[in-house]
1. Estimate the FRET efficiency between Ser101 and Trp207 by the formula 1/(1 + (r/R0)^6), using the beta-carbon distance for r and 30 Å for R0, to the nearest 0.05.
2. Does segment 10-61 come out rounded, prolate or oblate, given a ≥ b ≥ c as the square roots of the eigenvalues of its C-alpha gyration tensor, rounded meaning a/c under 1.5 and, failing that, prolate meaning a/b above b/c?
3. Magnitude of the Cβ-charge dipole of segment 10-276, K/R +1 and D/E -1, about the Cα centre, nearest 20 debye?
4. Give the residues of segment 193-229 whose amide nitrogen is closer than 18 Å to a point set 7 Å from the Cα of Val249 in the direction of its Cβ.
5. Find out how many positive minus negative residues lie around Ser116, taking Lys and Arg as positive, Asp and Glu as negative, among other residues whose Cβ is under 15 Å from that of Ser116.
6. Taking amide hydrogens as modeled 1.01 Å from N in the peptide plane, which residues meet the under 5 Å criterion relative to Ile166, leaving out close sequence neighbours?
7. I need the peptides 5-14, 152-161, 236-245 ranked by packing, meaning the mean over residues of other C-beta atoms within 10 angstrom, with the highest value on top.
8. Helix 22-46 sits at what angle to the longest principal axis of the chain, using alpha carbons and giving 0 to 90 degrees rounded to 10?
Amino acid sequence: MVPYDGSFKIADSTTTPPTVDHKKCAKRLQKARRRMDKMQQLLYADNRLSVLLVFQAMDAAGKDSTIRAVMQGVNPAGCQVFNFKKPSSMELDHDYLWRTSSRMPERGRIGIFNRSYYEEILVVRVHPKILDYQRLPRDTDYENIWDQRIESILDHEKHMARNGTIILKFWLNVSREEQKNRFLSRINKGHKQWKYEPQDFAERQYWDQYMEAYEAALTTSRPWAPWYAIPADDKPYMRATVARIFAQVLESLDLRYPVPSEEKLAEIRKAKTEMMSNNAK
């Protein structure tokens with residue numbers, strides 16, 4: 001977990017986990033899925049809280065495959081996934097938090113953001129020319145805009161947490177060398193070539209700038225919206241770790257099945273008596 005005091009440094013994080021047994025990782029992942037499935041049903045029935053999972057990473061870190069692997073077996077009726085790419089013209093007609101705030105999970109549901117409002121202090125920070133397309137007010141303080149956006153994000157997350165949204169943020173920390181290997185895999189394997197975008201490779205020249213932006217973004221780790229920096233060079237370890245954290249958080253929540261009223265219990269007893277009688281059809 002990223003510390004809450006703003007002291008996180010990229011240099012202190014690691015992309016490579018300790019030596020792991022992939023068979024054990026697979027078992028841990030499967031066990032965590034069963035725990036999540038049980039707790040998701042309870043979350044849905046309780047209908048008081050919601051959960052938001054935010055995934056941020058450099059390209060090819062494994063966001064899509066991690067979401068797919070971790071959420072297997074969870075009832076899709078209680079889960080929704082949004083993938084945020086280049087803003088549409090409608091989204092640009094609103095403030096940058098609008099497109100994500102309008103897609104926050106309802107009570108009882110799990111929401112997953114594949115990229116999120118954090119793009120506004122990541123890719124936009126690395127490429128500030130993007131601000132020209134956002135039609136910001138003329139008196140915008142561009143010298144302090146990133147600190148202001150971090151402040152707005154902190155306020156936004158605290159508001160959501162106060163109103164029942166459990167926020168977990170995962171940074172899948174892939175190394176530059178491993179990203180290169182995964183790009184080469186996309187190029188060399190026919191069934192993966194559709195995933196390759198020339199712009200993804202071009203962004204590698206900004207690696208250091210992205211790391212600086214991530215270091216600033218992860219200072220938003222708070223008790224009500226923690227960041228987890230997950231080593232991403234080993235995918236089985238990464239997936240098992242994300243699943244374990246999510247399962248533990250779900251189990252820590254005060255979730256309860258609704259208790260029927262006395263009136264409803266009477267109706268249940270009556271229905272049971274009628275269905276158990278010899279005259280029931």
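1. For R0 = 30 Å, the calculated efficiency reads 0.50.
2. It comes out oblate by the Cα gyration axes.
3. My answer is approximately 1580 debye.
4. 217-229
5. With Lys, Arg at +1 and Asp, Glu at -1, the neighbours total +3.
6. Ser50, Val51, Leu52
7. In descending order of packing, they fall as 236-245, 152-161, 5-14.
8. 60 degrees
Here, each number is a calculation from the coordinates, and none is a lab measurement. Treat the numbers as computed from the prediction; the structure is a model and nothing was measured. For neighbour counting, all protein chains shown are included, and Cβ atoms are generated from backbone atoms with ideal geometry for every residue, glycine included.
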